[in-house]
Amino acid sequence: MTKLSTYEAAMAAYEPVLGLETHIELDTGTKMFCGCPTAFGAEPNTQICPVCLALPGALPVANRAAVEATMKIGLALNCRIAEWTRFARKNYFYPDMPKNFQTSQYEEPLCEDGYVDVAVDGDHYRVEIERVHLEEDTGKTLHVGGATGRIHGATESLVDYNRAGIPLVEIVTKPVPGAGDLAPEVARAYVTELRDIVRSLGVSDVRMEQGSLRCDVNVSLNRAGDAWGTRTETKNVNSLRSVERAVRHEIRRQAALLDSGEKIHQETRHFHEATGETSPGRSKEEATDYRYFPEPDLAVMEPDREWVERLRSGLPELPRKRRERLRAEWGLGELEMQSVVNADAVEIIEATVAAGASPTAAVKWWLGELSRRANETGVELGELRIGPEQVAELQGMVDDGRLNDKLARQVIDGVLADEGGPAEVAASRGLEVVSDTGALEAAVDEAIAANPDAAEKIRGGKHAAAGALIGAVMKSTKGQADAGAVRELILSKLG
Amino acid sequence: MARLARLEVTDDELDAFAGQLDVILESMQTLGEVDTDGVEPTSHAVPLVNVFREDQPQPSLPRDAALAGGPDTAEGRFRVPRILDDEE
Ligand SMILES: [Zn+2]
C-alpha cells in the first residue's frame, strides 16, 4: 500500500516543480515519411509500406504539411523557428518500431523557447516551452497470454504498424516552479490551453481519449530554499482530469517518502485511471542510451524566413484572444467565462448565440440543464442529441411566452429522445403555455374554491400564501400555465 | 558489441566477424589520414536541403505482402516473442 501524505501537509512542507511533455498526433492525410494513409481504425497492418517497415532500399521523405503544422504550433506557442534543423535516429529495441529506431529530433528541434499563459482562480501563470519537435508515432502492441492484456506475464505480443510513422509533435515545457498548491490545476490548465491552441490551428483533433493528445507529467518536490528535488515522470495520463489527479497523487506520495527520510528515484511511473494512483514502470525503460545520431536518409531543413512569416501572419485568432473577445461580447464576468471554458462550452455557446439566442440564455442552458444531462449520461456537451440551433429555437419559444422553463425542460426530454425539433416536440407532446384566459380563469377559480384557507390569507394581505394556489393551478394545467400570469390573476381576484 | 546490437552469433561466427571488423576499422584509419582541417563535420553526403513530399496518399502494401517479411504472424499482425524477461 502506497503511503501518502495529506495534500495540505505536503504543501505545508514542500514546493512542487512541474514539467509536462505532450505528444500530439497530427491529422495529416499521410504519414510523416511515406504516403501511407493515416485513417483511424483501419484493419491492422493495411496502412504500411516499405518505408514504414524499413525494408532495404526504402527512402523516407518528409511530409511538408507535417513540417508546416509543427511550425504553426511553434509560432502559436511563441517559439523561435530554427533556421537549420534536422532529424535524428533514436535507437532502441522494442518491437513497436520495425526499424529499431524512431525518427525524431535531438539537438536541433524545429521550434524552441516559447511560452503559454494560463489562468487559474484568477491568477496568471506563464509556462515556458523548451522545445517543439517533430517525430513519428510507433506501432501498437497487443500482449497475449498474460493477465488482461498487460505486458507482464505475456507469452507473446502481436504488432500492428498502422500507427507507426504517423507524424507526432512533442512539446516539452521548461520546469515550472512557483505554482504552489495550485500545481495540479496549473498542469491541467496548461494541457487544456495547449489542446485549445492546437485545435484552433486545425492541425490535429487533439482527443485525449483517442490518444491523439498524450501527456507525461513530471513532478518533483523540494523544501523552500533548497535545490529542486528528483523528479518522477508519470505516463498514461489520458484525460485532463487525470493530469490534475496524477500531479496531486505524486505530490502526496513523494511527500510521504521524503517525510520518512527516503529518497525519490528518478523513474518512469504509470498512472492508473481507476485508482488515481501511480506505480513504477519497467526498469528497462530507464536504459536511456538511445545513441542518437543524425538521420542520413532525410535532408536537412532550412525553413526560409518568408515561409515562417507567411505562416505567422496566417495564424487564426488564438483561444485566449478569442475568449477575451467573446467575454466582452457576451457581457460575462471573468469567473463566469472561466466556467464556460472549463465546461468546454465556448464553441457551442457561440453557435447558439449565432443561431439567435441571447448570450445569457445560451450560457444558462448549456451550463445548467444541458450540462446536467451530459453529466448524467456521461457524454460531452457536443455529443448530446440537441444542438445549438435547437437550443436557440427553444429559447425563442420561451421568449415568445409559448413555453415556460418547466415545459422547456420537457421539450428537451423529447428532443434528446429523437422526437424531433423543439416545435415538433411541443406540438406532439401538447406542451404549450395555456394562454387562453378563459381556461386559466376557470383553473384559478377552481383553486380558490379548493383552498379556502390560503384564499383567506391572501385576502388578509399575506401575498406569500399565493404559492399554494399557484401550485394548484400549475398542477391542474399540467404545468402549462405561465406562473407569473397565474400569480397576477390570483392577486387581482383576491386583492 | 553483439549484445549492444541484439545480435545472436555463434563463437565461430564471432571469430569470423572479429576478423572482418578489423579490416573495417583499418579502412576507417585510412580515412583518418585524410587532412580534414578546416572542414566542418557533416551528417549528410549530398548538399540537399528542404526535400519534402506533398501530403498525397500513395497505395500501401497489400497486407499479405507486408506481413510476408516477418518471421511469424497472427490475426493480421506481426507476432513477436515475449518482450519482458521473467524477472521483470
Ligand atoms: Zn508507409
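The values are calculated or read from the model by the stated rules, or taken from the named source; none is laboratory data. None of the values given here were measured: they were computed from a predicted structure. Note that we place each Cβ from the backbone using ideal geometry, even for glycine, and neighbour counts take in every protein chain shown. When the accessible area is computed, the model is the full protein with side chains, heavy atoms only, and any ligands, DNA or RNA have been set aside. Shrake-Rupley method; radii C 1.70, N 1.55, O 1.52, S 1.80 Å.
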Q | Any chance A:Thr360 is of a type in the set (Ser, Thr, Tyr) and part of a loop (DSSP other than H, G, I, E, B) | A | no
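Give the number of residues within segment A:292-321 that are over 17 Å from A:Met71 (Cβ atoms) and open to solvent by less than 50 Å² (accessible area, probe 1.4 Å).
3
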Q.
Can you confirm whether A:Leu75 is under 27 Å from A:Asp289 (Cβ atoms) and crowded, with 17+ Cβ neighbours inside 10 Å?
A. no
Q. Quick one: how many residues across segment A:36-67 are open to solvent by 10 Å² or more (accessible area, probe 1.4 Å) and at the interface with another protein chain (Cβ under 9 Å from one of its Cβ atoms)?
A. 14
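Looking at segment A:158-184, which of its residues are surrounded by fewer than 20 Cβ atoms within 10 Å (Cβ to Cβ), over 30 Å from A:Cys36 (Cβ atoms) and of a type in the set (A, V, I, L, M, F, W, C)? Spell out how you get there, then give the answer.
To start, the set of residues in segment A:158-184 that are surrounded by fewer than 20 Cβ atoms within 10 Å (Cβ to Cβ) comprises A:170, A:172, A:174-175, A:177-178, A:180-182.
Adding the requirement that they be over 30 Å from A:Cys36 (Cβ atoms) leaves A:174-175, A:177-178, A:180-182.
The answer is A:Leu182, and nothing else.
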Q | All positions within segment B:46-84 that are open to solvent by 50 Å² or more (accessible area, probe 1.4 Å), within 21 Å of the chain's Cα centre (by Cα) and facing chain A (nearest Cβ under 7 Å) | A | B:Gly69, B:Arg79, B:Pro81
Q: Give me the pairs, please: first residue somewhere in segment A:443-461 and open to solvent by 80 Å² or more (accessible area, probe 1.4 Å), second residue anywhere and of a type outside the set (A, V, I, L, M), beta-carbon distance under 7 Å, and either six or more positions apart or on two chains.
A: A:Glu446/A:Ser476
Q. From the set of residues in segment A:127-148 that are exposed (fewer than 12 other Cβ atoms within 10 Å of the Cβ) and of a type outside the set (S, T, N, Q), which is farthest from the other protein chains (Cβ to nearest Cβ)?
A. A:Ala147
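Scan segment A:101-126 residue by residue and report those that are open to solvent by 60 Å² or more (accessible area, probe 1.4 Å) and not basic (Lys, Arg). Lay out the reasoning, then the answer.
Just the residues of segment A:101-126 that are open to solvent by 60 Å² or more (accessible area, probe 1.4 Å), to begin with: A:106-107, A:112-113, A:115, A:121, A:123-124, A:126.
A:Tyr106, A:Glu107, A:Glu112, A:Asp113, A:Tyr115, A:Asp121, A:Asp123, A:His124, listed by residue number.
Rundown of residues vs (1) more than 22 Å from A:Arg214 (Cβ to Cβ); (2) in the same structural domain as A:Phe87 (by TED's automatic domain parsing); (3) away from the ligand (no atom under 14 Å from the Cβ); (4) modelled with pLDDT under 95, yes/no style:
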site	(1), (2), (3), (4)
A:Tyr14	yes, yes, yes, no
A:Gly19	no, yes, yes, no
A:Ile24	no, yes, yes, no
A:Gly29	no, yes, no, no
A:Ala42	no, yes, no, yes
A:Gln47	no, yes, no, no
A:Cys52	no, yes, no, yes
A:Leu55	yes, yes, no, yes
(Q) Residues that are over 29 Å from A:Thr38 (Cβ atoms) and of a type outside the set (Ser, Thr, Tyr): does segment B:59-67 have at least one? (A) no
Q) Tally time: how many residues in segment A:133-169 are over 14 Å from A:Thr103 (Cβ atoms) and more than 16 Å from the ligand (Cβ to nearest atom)? A) 18
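Would you say A:Thr85 is open to solvent by less than 40 Å² (accessible area, probe 1.4 Å) and either away from chain B (no Cβ under 13 Å) or touching a helix residue (DSSP H, G or I) at 6+ places or on another chain (Cβ under 9 Å) (or both)? Give the steps one after another, and end with the answer.
On the way: open to solvent by less than 40 Å² (accessible area, probe 1.4 Å): yes; either away from chain B (no Cβ under 13 Å) or touching a helix residue (DSSP H, G or I) at 6+ places or on another chain (Cβ under 9 Å) (or both): no.
In short, no.
Table: residues versus (1) of a type in the set (Ser, Thr, Tyr); (2) surrounded by fewer than 20 Cβ atoms within 10 Å (Cβ to Cβ); (3) touching a residue at least 24 places away in the same chain (Cβ under 8 Å).
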residue	(1), (2), (3)
A:Val186	no, no, yes
A:Tyr190	yes, no, yes
A:Arg207	no, yes, no
A:Leu213	no, no, yes
